[in-house]
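Peer 1: Please see the structure below; I have some questions.
The values are calculated or read from the model by the stated rules, or taken from the named source; none is laboratory data. The structure displayed is predicted, hence computed values, not measured ones. When we count neighbours, we look across all protein chains shown, and the Cβ atoms used for this are built from the backbone with ideal geometry, even at glycine.
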Amino acid sequence: MAQYYTKFFLIMACCMHVFAIKWLNEPLRDVKKWSRPACTSENFHLNAKQRGICRHQTNYMDSVSSGAADTISSCRTLFQEDSWNCYNILKAPHFDYNINNATKESAFVHALSAAALAYHVATDCASGKIANCRCSTRYQGGVTTLPNVPGKVILYSRACPHVYEKGIHFARKFLSPGEKKFKKVAKKSPYRAGQLKIAEHNREVGYKVFRTEKYKYIKCGCRGNTGSCPIKTCYQSIDYFPVMAKEIRKRYEEASRVAIDKKTGALTPTNGIDEIVPEQELIYSDNSLKKCSTKKARTDMRYRRCSLDPNAKDYCKKMCCDGKHKATEIVVAVQCSCKFVYCCRVDCQWCNHKKMVQICI
């Protein structure tokens with residue numbers, strides 16, 4: 001019996017580092033309005049800790065759904081021309097090898113989902129969608145003159161700087177397995193604990209990208225009745241999430257490999273240069289599954305759109321298994337019969353348009 005429980009625990013531990021991203025599933029993404037009874041639904045694949053957070057902080061769960069949706073859409077957009085195109089994430093929580101192991105792809109998803117959750121909690125907080133965390137004072141920070149424009153004044157505000165940390169604080173609480181869970185895993189399997197460390201590190205990279213000052217821009221508006229804009233009020237705002245997602249994609253390309261000590265779970269860079277794991281970089285320990293290397297992988301590549309342009313990332317000869325592809329006709333909806341309506345809009349109809357594309361076979 002003891003052997004059975006040990007085996008069961010190790011099976012659970014091997015997948016524990018993906019618990020933090022099982023919330024990306026479709027039922028959770030599609031929730032329009034959360035309620036406390038919904039928190040216990042098995043359809044959302046929340047772990048016990050996340051269900052508890054859901055029950056006690058239900059007003060945050062709309063942000064969780066938005067974060068999950070943004071993670072999926074951003075991942076699909078950024079990898080649409082790659083052989084791995086985030087398709088399997090749509091099947092959450094039933095992930096493939098590249099997500100179930102500590103690969104570059106897994107590193108990207110952990111970082112992206114962490115940043116997305118922090119972003120949506122922060123923006124919903126600042127806009128007042130979440131109770132008890134909105135700005136108490138809109139304009140804070142002081143007054144300064146507008147550069148090179150004598151006589152004009154800017155009222156500069158940091159626009160609720162605390163909401164950035166509020167987003168990160170909630171995301172950490174929602175996504176991290178917790179100290180007790182980590183120690184339990186480490187006691188049974190130091191190697192699995194090392195995988196948890198990798199996932200945690202990559203989520204922290206996502207938070208760092210979100211927190212970076214350059215991803216917060218200044219919004220301004222004029223005050224006064226004249227067209228000369230005698231007073232300009234400016235406040236700091238969070239940049240659009242796609243900007244952050246592109247930065248995380250860049251770090252995916254530059255990810256560093258680490259080795260996990262099977263006895264201690266310690267992480268060591270394998271490049272022979274760094275002595276400690278770089279804080280700003282995504283890290284991974286497992287090689288990604290090569291495309292077309294298994295029957296399932298070959299099946300996943302079938303019907304993928306590809307390009308005849310040899311310089312394109314999705315060039316058919318490189319994208320498709322064995323370079324096999326064919327032309328096929330698809331029907332797409334396009335705007336047509338557009339008319340200008342005075343004043344001032346353009347009304348269009350939607351028409352079906354046949355188009356030839358290349359697909360893998």
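Peer 1: What is the one condition in (1) within 30 Å of residue 187 (Cβ to Cβ); (2) touching a Cys at 6+ places or on another chain (Cβ under 6 Å) that residue 335 does not satisfy?
Peer 2: (1)
Peer 1: Is there any pair with a first residue in the stretch 72-87 that is basic (Lys, Arg) and a second that is assigned to a helix (DSSP H, G or I) and buried (at least 21 other Cβ atoms within 10 Å of the Cβ) whose Cβ atoms are under 9 Å apart and which are 6 or more apart or on different chains, and what are they?
Peer 2: Hits for this filter: 76/89.
Peer 1: Continuing with the same structure: For the stretch 267-283, what are the residues that are in contact with a strand residue (DSSP E or B) (Cβ under 6 Å, 6 or more places away or on another chain), surrounded by 17 or more Cβ atoms within 10 Å (Cβ to Cβ) and touching a residue at least 40 places away in the same chain (Cβ under 8 Å)?
Peer 2: The answer is 267, 281, 283.
Peer 1: I'd like the residue in the stretch 299-314 that is more than 13 Å from residue 80 (Cα to Cα) and not aromatic (Phe, Trp, Tyr) and, out of all such residues, is modelled with the lowest pLDDT. Spell out how you get there, then give the answer.
Peer 2: Narrowing the stretch 299-314 to residues more than 13 Å from residue 80 (Cα to Cα): 299-300, 302-303, 308-311.
Those still in the list that are not aromatic (Phe, Trp, Tyr) too: 299-300, 302, 308-311.
Working: 299: 84, 300: 81, 302: 87, 308: 93, 309: 92, 310: 90, 311: 89.
So the residue we want is 300.
Peer 1: Out of all the residues in the stretch 25-32, is one or more part of a helix (DSSP H, G or I) and among the β-branched types (Val, Ile, Thr)?
Peer 2: no
Peer 1: Please work out which residue is nearest to the chain's Cα centre (by Cα), limiting yourself to the stretch 59-69 and to residues that are surrounded by fewer than 22 Cβ atoms within 10 Å (Cβ to Cβ) and within 25 Å of residue 250 (Cβ to Cβ).
Peer 2: Going through the qualifying residues, I end up with 69.
Peer 1: Need the failing condition index for residue 288 against (1) closer than 25 Å to residue 200 by Cβ; (2) modelled with pLDDT of 90 or more; (3) among the polar types (S, T, N, Q), just the number.
Peer 2: Single failed check for residue 288: (2).
Peer 1: Find the helices (runs of 4 or more DSSP H) located wholly in the stretch 97-179 whose residues include 3 or more that are modelled with pLDDT of 50 or more and surrounded by 22 or more Cβ atoms within 10 Å (Cβ to Cβ), and list them. Spell out how you get there, then give the answer.
Peer 2: Values: elements: 97-100, 104-127, 162-175.
Of the helices (runs of 4 or more DSSP H) lying wholly inside the stretch 97-179, those with at least 3 residues that are modelled with pLDDT of 50 or more and surrounded by 22 or more Cβ atoms within 10 Å (Cβ to Cβ) span 104-127, 162-175.
Peer 1: Right, another one. Please work out if residue 322 is surrounded by 13 or more Cβ atoms within 10 Å (Cβ to Cβ), of a type in the set (Asp, Glu) and farther than 21 Å from residue 194 by Cα.
Peer 2: no
Peer 1: Which residues, taken from the stretch 286-306, are part of a loop (DSSP other than H, G, I, E, B), touching a residue at least 60 places away in the same chain (Cβ under 8 Å) and over 16 Å from residue 101 (Cα atoms)? Don't jump to the end; show me each part of the working.
Peer 2: In the first step, residues of the stretch 286-306 are kept if they are part of a loop (DSSP other than H, G, I, E, B); the result is 286-294, 302-304.
With touching a residue at least 60 places away in the same chain (Cβ under 8 Å) added as a condition, the list becomes 286-289, 291, 304.
The one that is part of a loop (DSSP other than H, G, I, E, B), touching a residue at least 60 places away in the same chain (Cβ under 8 Å) and over 16 Å from residue 101 (Cα atoms): 304.
Peer 1: Restricting to the stretch 75-96, name every residue that is in a helix (DSSP H, G or I) and either over 26 Å from residue 51 (Cβ atoms) or not assigned by the TED database to the domain that holds residue 34 (or both).
Peer 2: Within the stretch 75-96, the first condition is being in a helix (DSSP H, G or I), and the residues that meet it are 75-78, 87-91.
Within the stretch 75-96, 76, 77, 78, 87 meet the criteria.
Peer 1: Whether any residue in the stretch 278-285 is assigned to a strand (DSSP E or B) and either farther than 14 Å from residue 83 by Cβ or over 31 Å from the mean Cα position of the chain (by Cα) (or both) is what I want to check. Give the steps one after another, and end with the answer.
Peer 2: Of the stretch 278-285, the ones assigned to a strand (DSSP E or B) are 283-284.
Filter again for either farther than 14 Å from residue 83 by Cβ or over 31 Å from the mean Cα position of the chain (by Cα) (or both), leaving 283-284.
Scanning the stretch 278-285, I find at least one residue that is assigned to a strand (DSSP E or B) and either farther than 14 Å from residue 83 by Cβ or over 31 Å from the mean Cα position of the chain (by Cα) (or both), so the answer is yes.
Peer 1: Now a separate question. If I go through the stretch 307-317 residue by residue, how many of them are free of Cβ contacts under 8 Å to residues at least 40 places away in the same chain and either in contact with a helix residue (DSSP H, G or I) (Cβ under 8 Å, 6 or more places away or on another chain) or surrounded by 12 or more Cβ atoms within 10 Å (Cβ to Cβ) (or both)?
Peer 2: First, the residues of the stretch 307-317 that are free of Cβ contacts under 8 Å to residues at least 40 places away in the same chain: 309-311, 315, 317.
Going one step further and asking which of them are either in contact with a helix residue (DSSP H, G or I) (Cβ under 8 Å, 6 or more places away or on another chain) or surrounded by 12 or more Cβ atoms within 10 Å (Cβ to Cβ) (or both), we end up with 310, 315, 317.
Residues meeting the conditions: 3.
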